[in-house]
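Report on one structure; see the data block that follows.
The values are calculated or read from the model by the stated rules, or taken from the named source; none is laboratory data. Just so we're clear, the structure is a prediction, and the values are computed from it rather than from any experiment. Ideal geometry is used to build each Cβ from the backbone, glycine not excepted, and the neighbour counts take in all protein chains shown. The protein model used for the area step is the full one, side chains on, heavy atoms only, and it has no ligands, DNA or RNA in it. Shrake-Rupley method; radii C 1.70, N 1.55, O 1.52, S 1.80 Å.
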Amino acid sequence: MTQTTPKPSKRCITASSSQYKLASSVSLGGMLEIYDFLIYGLMASYIAENFFPAEDPVTSLLNALASFAIGYLTRPLGGFVFGHFGDRYGRKKTFTFSIFLMAVTTALMGCLPGWNSIGAAAPITLITLRLLQGFSLGGEIPGAITYLSETTPERRGLVIGILFLAMMIGISFGTFVHGMLEMHLSAEDMKDWGWRVPFWIGGFLGIISYHIRKHFSESGLFEALDQTKAQASIPIVLLFKQHTRGVICGFMTIGLCGATVTIYSIYMPGYLYSLLGFPREAVAWQTALAFLMLSPLCLIFGMLSDLMNHKLIFGIMAVVIATVSWPAFHYFSSPAAELNKILLICGLLAAAASGALPPLLISFFPTEVRYTGVATCYNIGFAIFGGIAPFISTLMAKYSNNTSGPAIYLSLIAAVSLIALFINWPNVHLKRDSETF
């Protein structure tokens, strides 16, 4: 069986209404992922008071943030497990279960009694749920990327762009919910019960997404796969044994994406009010507005992968991120910097990276290991290059006596990622469901 076929002579940049509807439905889970990431961080101070009481409030907060970070340790494991079952038994069932598990754990986190009610069982249960949540997230976005690309192969850049558009909306939605709660509830109400509301919202959205996904059809490319051959192997072993080049290229691609998106979206609010002194409330509202306005750019950059050479896209993105980050952060720390312009620049770069780079993963792996390959590269790439980005950036800023730490970090990652250009890239062409293998 081979999947490497001539490219279609006609490239498409639009999709049917049913394909847009499917992509929007799938993308709800992506929005929930980034929403959950932000909400836990934004509510960390209240979680610290309720679950990790300590005489020193800083120690309490550090414990809460540690429980936040520990969930990301199980993301690669979740990627391996969900990737294995997704490649052997189907995309639909696997990533439908991942959104169900994520919805339940998120909702339960909002219902947990605190330390004053059940003592040490409270933080233990919270950490357990956080581990399960990270495990489910490990299969969620890779599953969505794989499923969307295989149901709309000739427009995969466009539909994956919709997925990351939804994730940018999740950033806006998370900061909006936080801002509304802080505006309308007292500090005492926020401590008692207000912090729980965003988790209930996340669980509710997850359950809706689960019921929508139950009615999806299986990926046509997976259904056409020789199931006897697929079940005769272990996908993760086959991946590293026969598709090493794809793993390296995918890892470099998502590493660049993870570092860029983390710095310009997740890290920036804290950077702006902690290091640059911008007001917290203004940062929250301006972030929500900027990312909402710029989220459609994910579609435009996603379509580039349907129209342009993939190596060229990757090379341009690496060079742009490395060269633009220096003047950008120089401007951010200058006396003339305006908050709305800062966040527009951040939103533009985050949209460019998240729209243009993830669709490149699909052509690195054939159908029988695609879910596993995407999950492995996505989770490990984001965990390493994105996960350490805030810490390394802040450390560099501290020891370089300036606020250009993030620019230094991004330039280093972009330079390292360019190694991928010297590798002969795999180029697996997806077929339409109507074509035979």
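Evaluate the following for Pro142: is it of a type outside the set (A, V, I, L, M, F, W, C) and either open to solvent by less than 10 Å² (accessible area, probe 1.4 Å) or modelled with pLDDT under 85 (or both)?
Yes; evaluated as a whole, the condition is true for this residue.
Test Ile380 against the criterion of being open to solvent by 30 Å² or more (accessible area, probe 1.4 Å) and either acidic (Asp, Glu) or under 16 Å from the mean Cα position of the chain (by Cα) (or both), and give yes or no.
So Ile380 passes the test.
Please go through the stretch 315-341 and pick out each residue that is open to solvent by less than 50 Å² (accessible area, probe 1.4 Å) and under 22 Å from the mean Cα position of the chain (by Cα).
Those that are open to solvent by less than 50 Å² (accessible area, probe 1.4 Å) and under 22 Å from the mean Cα position of the chain (by Cα): Gly315, Met317, Ala318, Ile321, Ala322, Ser325.
Look at Ala407 and say whether it is under 19 Å from the mean Cα position of the chain (by Cα) and of a type in the set (A, V, I, L, M).
no
Kindly state which helices (runs of 4 or more DSSP H) lie completely within the stretch 209-302 and contain at least 3 residues that are at pLDDT below 90.
Fully inside the stretch 209-302 and qualifying: 220-223, 227-231, 235-242, 280-294.
Grab the helices (runs of 4 or more DSSP H) fully contained in the stretch 365-423, keeping just those with 3 or more residues being touching a helix residue (DSSP H, G or I) at 6+ places or on another chain (Cβ under 8 Å) and over 25 Å from Pro269 (Cβ atoms).
Filter on the stretch 365-423 gives 370-381, 405-417.
Given (1) over 17 Å from the mean Cα position of the chain (by Cα); (2) closer than 19 Å to Phe97 by Cβ; (3) β-branched (Val, Ile, Thr), where does Thr125 come up short, assuming only one miss?
Result: Thr125 fails condition (2) only.
Inside the stretch 20-42, can you point out the residues that are of a type in the set (Asp, Glu) and touching a Ser or Thr at 6+ places or on another chain (Cβ under 7 Å)?
Asp36
Tell me whether the stretch 269-282 contains one or more residues that are in contact with a Lys or Arg (Cβ under 8 Å, 6 or more places away or on another chain), aromatic (Phe, Trp, Tyr) and farther than 18 Å from Ile160 by Cα.
yes
So Trp195 fits all but one of (1) surrounded by fewer than 17 Cβ atoms within 10 Å (Cβ to Cβ); (2) at pLDDT 85 or above; (3) closer than 20 Å to Tyr35 by Cα; (4) not hydroxyl-bearing (Ser, Thr, Tyr); what number is the exception?
(1)
Give the residues of the stretch 397-426 that are open to solvent by 50 Å² or more (accessible area, probe 1.4 Å) and without any contact (Cβ under 8 Å) to a residue 60 or more places away in the chain, sorted by residue number.
Lys398, Tyr399, Asn401, Leu412, Phe422
So Ser334 clears everything in (1) farther than 12 Å from Ile254 by Cβ; (2) in a helix (DSSP H, G or I) except one condition, right? Which one?
(2)
If you take the residues in the stretch 74-126 that are free of Cβ contacts under 8 Å to residues at least 12 places away in the same chain, among the small types (Gly, Ala, Ser) and assigned to a loop (DSSP other than H, G, I, E, B), which one is least open to solvent (accessible area, probe 1.4 Å)?
Taking the candidates together, the pick is Gly119.
(1) free of Cβ contacts under 8 Å to residues at least 12 places away in the same chain; (2) part of a helix (DSSP H, G or I): which one isn't true of Leu129, the others all being true?
(1)
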